[in-house]
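Have a look at this one.
The values are calculated or read from the model by the stated rules, or taken from the named source; none is laboratory data. Treat the numbers as computed from the prediction; the structure is a model and nothing was measured. Neighbour counts are summed over all protein chains in view; Cβ atoms, including those assigned to glycine, are modelled from backbone coordinates with ideal geometry. SASA here: full protein model, heavy atoms, side chains in, ligands and nucleic acids out. Shrake-Rupley method; radii C 1.70, N 1.55, O 1.52, S 1.80 Å.
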Amino acid sequence: LLLLCYTEEAAVIVSGLKNTDVFVGESATFTCELSYPGVRNVQWWLDGSPLHNNFVTEISEQDGMIHTLTLNDVACHDSGTVTFRAGSLISSAKLLVKGILVLE
């Protein structure tokens, strides 16, 4: 029988956030994968403002290691820097929301 003990200090970011371009009204999804589950104090930010789970912002985690943020129905003002923080680990990426040009 082998028992594995994970410490928060041992956790690293396996796969960080990626820059994402979407059009107005679409959804933008960001994923960050950690090497170990159970890292506390997980928080998502958009341009320095903390994000919380609601009908526009979906925050989820799978197996305690894969953390996902989905921003639904984005607008131009949502463009900015998305940051994921878990304990002392940080990953950031740019969100660019592009407008749709309508020619009459």
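Determine the share of the chain's accessible area contributed by carbon and sulfur atoms, expressed in whole percent, with a 1.4 angstrom probe.
Values: 3710 of 6750 Å².
Heavy-atom surface of the chain belonging to carbon and sulfur, 1.4 Å probe: 55 percent.
Still on this structure: At a 1.4 Å probe radius, which order do Arg40, Arg85 fall into by accessible area, largest first? Intermediate values should be presented prior to the final figure.
Numbers: Arg40 155, Arg85 100 Å².
Largest to smallest exposure gives the sequence Arg40, Arg85.
Excluding ligands, DNA and RNA, what is the solvent-accessible area per residue of the chain at a probe of 1.4 Å, expressed in Å²?
Counting only protein heavy atoms, the per-residue value for the chain is 65 Å².
Please report, in Å, the Rg and the Dmax of the stretch 13-98, where both are computed over Cα atoms only.
Cα radius of gyration and Dmax of the stretch 13-98 are 12.2, 36 Å respectively.
Of all DSSP beta bridges located in the chain, what percent are antiparallel, nearest 5?
Rounded to the nearest five, the antiparallel share is 90 percent.
Let me ask something additional. Measure off 7 Å from each Cα along the Cα-to-Cβ vector at Ser92 and Ile13, then give the distance between these two points in nanometres to one decimal.
Modelled inter-label distance: 1.0 nm.
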